[in-house]
Amino acid sequence: MYERYKNALKEFPKPLAYVDLDLFDQNVKDIAKRVDGSNKTIRVASKSVRVPDLLKRVFSASDIYRGILSFSAKEAVFLAKQGFKDIVLGYPVVDPKLIREVLETDPTITFMVDCFEHILAIHQIASELGVQGNICLDIDMSTKFPGIYFGVYRSPLRTPQQVHELSNSISELESVNLKGVMGYEAQIAGVPDFSPARNFLLNAVVRLLKRRSIPKIAERRKMIVEMLENQGHLLSFVNGGGTGSVETTIKEDVVTEVTVGSGFFSPRLFDYYSQFRHEPAAGFALEVVRIPEQNVYTCFGGGYIASGSIGVDKQPEPYLPKGCTLFPNEGAGEVQTPVHYKGTLSLDDPVFFRHAKAGELCEHFNEVYLIKGSAVTGTAKTYRGHGLY
Ligand SMILES: Cc1ncc(COP(=O)(O)O)c(C=O)c1O
């Protein structure tokens, strides 16, 4: 693998990011298989890919991939202009200029909302433009245990009563249409089952909390969806989950689609789930520029740290050649990243790394090199390369 990537990328200046298309395609197939037989479709979390050509590749692989969960208004506008359909903005937009831009570009884009102010802003601009704004209610899926808040802080909508009050108010606003419901169970989808960053006991506690949360999540989602249907709302979709929760989310009858993004690149944090393992399809190459002592190779660049709570699990991991490790005192540096390696490398040799997360890698590069077999077949622009920040 090391020699294959090294030869394929020999000509190209480093640092660079690459995607192994054979592994990417394998992941696209394997993710579709995880959902097979469930009558659910997969909405693609575009932020976890951030390369329009690769998003297109996912949709052309199977009909099971339907629709985009986008992350910003600018991105949604950009994707709509590129011809992507069925875009749901995964997070609220509060800037009236951006709401207007979205509605003017493609009024079928669905806005994520969780309070009356979100909805009113969309209603007002949609009515000025003479269109109907589609909205999706974001339901909080966090679970509370004595002394533990297991989940993320996003939406204030937790109970059927809260949703009932808000959905009542929607019925009075003519320029908005309640299209769907989303509940992202981050504590299941985004929390690995076993992580080397946690000790044995903590890993066991996390798995227990995940197991205990799953039925609570299913119950809350069911109650809310049934309540909305009884109220007369015809929902086009009920969305849930992420790469890490496909198996449990698809078990819920009320769910019509599951979101997946990170699984296509399968970054390092997704190595630690018990139900699936995808292929490491994306990575980056640095070049050895100095050899300070035997078995120590210092590369140029590399400090692409993932977002979220701070921890060693957020740093990139040397991937190839096998056996390279970072120095805990230095980690991956802004301009210099030393690795320890028992074998022999020369100046100019590449070291390949995996990012901890998926799409974030693309924020550091304008393009990704596409490898097929043992050759580079081209490049594809990232969002950054398209000037989209
Ligand atoms: C709202 C929402 N849904 C789904 C996902 C899952 O995406 P992924 O498959 O990339 O983990 C995320 C990820 O952050 C999210 O924020």
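What the table shows:
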item	result
Considering residues of the stretch 230-262 that are of a type in the set (Gly, Ala, Ser) and surrounded by fewer than 20 Cβ atoms within 10 Å (Cβ to Cβ) only, the residue nearest to the ligand (Cβ to nearest atom)	SER236
Restricting the stretch 269-296 to residues that are within 13 Å of the ligand (Cβ to nearest atom) and in contact with a Lys or Arg (Cβ under 9 Å, 6 or more places away or on another chain), the residue that is nearest to ASP25 (Cα to Cα)	ALA282
Qualifying positions in the stretch 188-201 - away from the ligand (no atom under 12 Å from the Cβ) and touching a residue at least 12 places away in the same chain (Cβ under 8 Å)	ASP193, PHE194, SER195, PRO196, ALA197
Residues located in the stretch 339-372, provided they are away from the ligand (no atom under 16 Å from the Cβ) and out of contact with any Leu (no Cβ under 9 Å at 6 or more places or on another chain)	TYR341, LYS342, GLY343, THR344, LEU345, SER346, LEU347, ASP348, ASP349, HIS364, ASN366
Residues that are more than 23 Å from GLN275 (Cβ to Cβ) and not in a helix (DSSP H, G or I), drawn from the stretch 158-196	ARG158, THR159, GLU172, LEU173, GLU174, SER175, VAL176, ASN177, LEU178, LYS179, GLY180, VAL181
Qualifying residue in the stretch 148-157 (condition: more than 16 Å from the ligand (Cβ to nearest atom), among the aromatic types (Phe, Trp, Tyr) and assigned to a loop (DSSP other than H, G, I, E, B))	no
Residue match in the stretch 179-187 (condition: in contact with a Gly (Cβ under 7 Å, 6 or more places away or on another chain), closer than 22 Å to ILE148 by Cα, among the charged types (D, E, K, R) and modelled with pLDDT of 95 or more)	yes
Residue that is farthest from the ligand (Cβ to nearest atom), among those in the stretch 164-182 that are surrounded by 22 or more Cβ atoms within 10 Å (Cβ to Cβ) and closer than 14 Å to GLN231 by Cβ	LEU178
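Each row is one residue, and each column tells you yes or no for (1) closer than 30 Å to ALA80 by Cβ; (2) surrounded by 16 or more Cβ atoms within 10 Å (Cβ to Cβ); (3) touching a residue at least 24 places away in the same chain (Cβ under 8 Å); (4) not β-branched (Val, Ile, Thr).
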site	(1), (2), (3), (4)
GLY302	no, yes, yes, yes
GLY311	no, no, yes, yes
HIS340	no, no, yes, yes
VAL351	no, yes, yes, no
ARG354	no, yes, yes, yes
PHE365	yes, yes, yes, yes
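The values are calculated or read from the model by the stated rules, or taken from the named source; none is laboratory data. Keep in mind that what you see is a predicted model, and the values were worked out from it rather than measured. Using ideal geometry, Cβ is built from the backbone for each residue, glycine included, and neighbour counts are taken over all protein chains shown.
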